[in-house]
Amino acid sequence: PETVAADIDPWPGGLAQMYPYAEDILKEILGGIVDDPGTCSSQVISPQDCCGFFVQESNTSPKNDVAALLFPGVDQLDKISEIDQMVGDRTLVLFNRQFKRPADFGFAGKDKSNKIVFDKFKWGFAFQEFACRGEDVKLTFEFPNWQSCAICDEDEDLGAREIPLLDPQTSRPLYDDLETKINEVLPEPLWMRKMGEVESKGFKFQR
């Protein structure tokens, strides 16, 4: 089949293209968190970074309101602190944050980011996908554990297979630990498995 642009980059417009879809998803999630949800208001607090602030009101009590920041990035660190203080004891969610570690904030902002974000906010749910030893690895977090698996789809007859990796754990799995486990459960690298498929079945265009 002919390759289309979406096969290469499904979101060529980046966060600006994702924003309206993410906005709908976030509002649906917030509405499911709050008992007897009322109005959900929102405002864009950084147009250039596509960062938005949302407040889902509760008809039961203002103290049950839930706030969220959509696509917060490294440039919103002070804004995160400001909004967190404004929200007070109510819940504040960082939804699809655009940073992973204190080092993303640079040397000068590392300690500040720990104080404002990493030492204060805890994971609620996460889904991450990346390559490890050439394998498609997926991490998911749903309180209280991280789970990991490799997706093998090189065999058309078997279809996509989910190969469990590390046992569920409370801390995010380390790359080296994932690589060691992959070497154990999938000793043959992906390219070698594909070569074996060619030897046994021939090239795809010949089948």
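Taking the condition under 30 Å from Leu174 (Cα atoms), polar (S, T, N, Q) and more than 18 Å from the chain's Cα centre (by Cα), does Ser58 pass?
For Ser58, the condition - under 30 Å from Leu174 (Cα atoms), polar (S, T, N, Q) and more than 18 Å from the chain's Cα centre (by Cα) - is not met.
Please list, ordered by residue number, the strands (runs of 3 or more DSSP E) wholly in segment 31-92 having 1 or more residues that are open to solvent by 50 Å² or more (accessible area, probe 1.4 Å).
Of the strands (runs of 3 or more DSSP E) lying wholly inside segment 31-92, those with at least 1 residues that are open to solvent by 50 Å² or more (accessible area, probe 1.4 Å) span 37-46, 51-58.
When segment 67-120 is examined, which residues are found to be charged (D, E, K, R) and under 20 Å from the mean Cα position of the chain (by Cα)?
Answer for segment 67-120, where residues must be charged (D, E, K, R) and under 20 Å from the mean Cα position of the chain (by Cα): Asp75, Arg97, Lys100, Arg101, Asp104, Asp119, Lys120.
Can you tell me which residue within segment 93-104, out of those that are open to solvent by less than 70 Å² (accessible area, probe 1.4 Å) and outside any helix (DSSP H, G or I), is farthest from Gly52 (Cα to Cα)?
Per the criteria, the residue is Phe99.
Can you tell me which condition Ser42 does not meet? The list is (1) over 14 Å from Glu23 (Cα atoms); (2) over 21 Å from the mean Cα position of the chain (by Cα); (3) of a type outside the set (A, V, I, L, M), and all the others hold.
Among (1) over 14 Å from Glu23 (Cα atoms); (2) over 21 Å from the mean Cα position of the chain (by Cα); (3) of a type outside the set (A, V, I, L, M), the lone unmet condition for Ser42 is (1).
If Gln98 satisfies every condition in (1) within 30 Å of Leu190 (Cβ to Cβ); (2) polar (S, T, N, Q); (3) free of Cβ contacts under 8 Å to residues at least 24 places away in the same chain but one, which is the exception?
The number of the failed condition is (3).
For segment 105-162, which residues satisfy the criterion of being open to solvent by less than 40 Å² (accessible area, probe 1.4 Å), among the small types (Gly, Ala, Ser), over 30 Å from Leu77 (Cα atoms) and not in a strand (DSSP E or B)?
Gly159
Every residue in segment 179-193 that is at pLDDT 95 or above, surrounded by 13 or more Cβ atoms within 10 Å (Cβ to Cβ) and not β-branched (Val, Ile, Thr), please.
Glu179, Lys181, listed by residue number.
Considering segment 102-128 alone, what residues qualify as being within 19 Å of Asn145 (Cα to Cα) and out of contact with any helix residue (DSSP H, G or I) (no Cβ under 8 Å at 6 or more places or on another chain)?
Those that are within 19 Å of Asn145 (Cα to Cα) and out of contact with any helix residue (DSSP H, G or I) (no Cβ under 8 Å at 6 or more places or on another chain): Asp119, Phe121, Lys122, Trp123, Gly124, Phe125, Ala126, Phe127, Gln128.
Restricting attention to segment 1-35, and to residues there that are charged (D, E, K, R) and modelled with pLDDT of 95 or more, which single residue is farthest from Leu92 (Cα to Cα)?
That would be Asp24.
The values are calculated or read from the model by the stated rules, or taken from the named source; none is laboratory data. All figures in this text were calculated on a predicted structure; none of them were measured in a lab. Here the Cβ is made from the backbone with ideal geometry for all residues, glycine too, and neighbour counts use every protein chain on show. We work out accessible area using only protein heavy atoms, side chains counted, and drop any ligands, DNA or RNA first. Shrake-Rupley method; radii C 1.70, N 1.55, O 1.52, S 1.80 Å.
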